[in-house]
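A.B. asks: What follows is a single structure, and I will ask about it in a moment.
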């Protein structure tokens, strides 16, 4: 590419992304000879098959190391390709593929750990005074069309692009348990906004009889009053 040599010949398999009228017309106009490998014979296209294996192996490790669901495989493969073009050295040269193509060294200072927990600023929404300013998400790579990160927003369940992202590379990964529809289930336990109070009734001797079969306002108030009396007597004699 640096000497501006013309592309004379390419070899592909019979995939529909290569064997179609639009691509064949492009090759004819550019004077490129398009060769095909024999059906079910990947050995004749070994360079591409090997590259495909490298990307798949990288994506597998990236997904399993963070316990991510397999439906993120496309994001993992895309990120693996993005990184390998800027990190791996080409055989027989001291330059990365990015250097050979662009003529300059790549900037890798913004690289982060794939699948890390992150927090993305909610800068596209009108927020009330006490609404959360960020959403929890999963870092899924880099945008190829803009200088931004790709993030899975756990609240909206969508993949967005944003530069206002705080990524924690060392935090534990988010558990990716999926329901039957392939979506994140709601949390089983809702956290209370107030303080948690743990009471061990066994230390007070007699238990407090409460009928929970027919809950009502009066029974709830009575139960709270009984707990308060027990706590007061326990603190008085302890």
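The values are calculated or read from the model by the stated rules, or taken from the named source; none is laboratory data. A quick note: this is a predicted structure, and the numbers were derived from the prediction, not measured. Neighbour counts run over all protein chains shown; Cβ positions are idealised from the backbone, glycine included.
A.B. asks: All but one of (1) assigned by TED's automatic domain parsing to the domain that holds residue 64; (2) outside any loop (DSSP other than H, G, I, E, B) hold for residue 138, so report the exception by its number.
C.D. replies: (1)
A.B. asks: Go through the stretch 88-118 and report how many residues are in contact with a strand residue (DSSP E or B) (Cβ under 9 Å, 6 or more places away or on another chain) and farther than 21 Å from residue 74 by Cβ.
C.D. replies: Within the stretch 88-118, the subset in contact with a strand residue (DSSP E or B) (Cβ under 9 Å, 6 or more places away or on another chain) is 110-118.
Checking which are farther than 21 Å from residue 74 by Cβ leaves us with 110.
Residues that pass the stated criteria total 1.
A.B. asks: Looking at (1) in a helix (DSSP H, G or I); (2) farther than 30 Å from residue 146 by Cβ, find the lone condition where residue 71 falls short.
C.D. replies: Going through the list (1) in a helix (DSSP H, G or I); (2) farther than 30 Å from residue 146 by Cβ, residue 71 breaks only (2).
A.B. asks: Pick out the one residue from 129, 105, 133, 94 that is over 13 Å from the mean Cα position of the chain (by Cα) and within 17 Å of residue 83 (Cβ to Cβ). Don't jump to the end; show me each part of the working.
C.D. replies: On the way: 129 fails: within 17 Å of residue 83 (Cβ to Cβ); 133 fails: within 17 Å of residue 83 (Cβ to Cβ); 94 fails: within 17 Å of residue 83 (Cβ to Cβ).
Of the residues listed, the single one that is over 13 Å from the mean Cα position of the chain (by Cα) and within 17 Å of residue 83 (Cβ to Cβ) is 105.
A.B. asks: For residue 91, work out the one condition from (1) closer than 25 Å to residue 146 by Cα; (2) in a loop (DSSP other than H, G, I, E, B) it doesn't fulfil.
C.D. replies: Checking residue 91 against (1) closer than 25 Å to residue 146 by Cα; (2) in a loop (DSSP other than H, G, I, E, B), the one that fails is (1).
A.B. asks: Among the residues of the stretch 72-79, is any surrounded by fewer than 18 Cβ atoms within 10 Å (Cβ to Cβ), farther than 17 Å from residue 110 by Cα and modelled with pLDDT of 95 or more? Spell out how you get there, then give the answer.
C.D. replies: At the first step, the residues of the stretch 72-79 found to be surrounded by fewer than 18 Cβ atoms within 10 Å (Cβ to Cβ) are 73-74, 78.
Now narrow it down to the ones that are farther than 17 Å from residue 110 by Cα: 73-74.
Next, only the ones that are modelled with pLDDT of 95 or more stay: 73-74.
Yes, there is a match, as at least one residue in the stretch 72-79 is surrounded by fewer than 18 Cβ atoms within 10 Å (Cβ to Cβ), farther than 17 Å from residue 110 by Cα and modelled with pLDDT of 95 or more.
A.B. asks: If residue 77 satisfies every condition in (1) assigned to a helix (DSSP H, G or I); (2) without any contact (Cβ under 8 Å) to a residue 60 or more places away in the chain; (3) under 23 Å from residue 171 (Cβ atoms) but one, which is the exception?
C.D. replies: So the condition that residue 77 fails would be (3).
A.B. asks: Kindly establish whether residue 66 is over 17 Å from residue 143 (Cα atoms) and without any contact (Cβ under 8 Å) to a residue 60 or more places away in the chain. Don't jump to the end; show me each part of the working.
C.D. replies: Values: over 17 Å from residue 143 (Cα atoms): yes; without any contact (Cβ under 8 Å) to a residue 60 or more places away in the chain: no.
So residue 66 does not fit the description; no.
A.B. asks: A further question on this structure: Of the numbered conditions (1) surrounded by fewer than 15 Cβ atoms within 10 Å (Cβ to Cβ); (2) touching a residue at least 24 places away in the same chain (Cβ under 8 Å); (3) not in a loop (DSSP other than H, G, I, E, B), residue 123 satisfies every one except a single condition; which is it?
C.D. replies: Answer for residue 123: the failing condition is (3).
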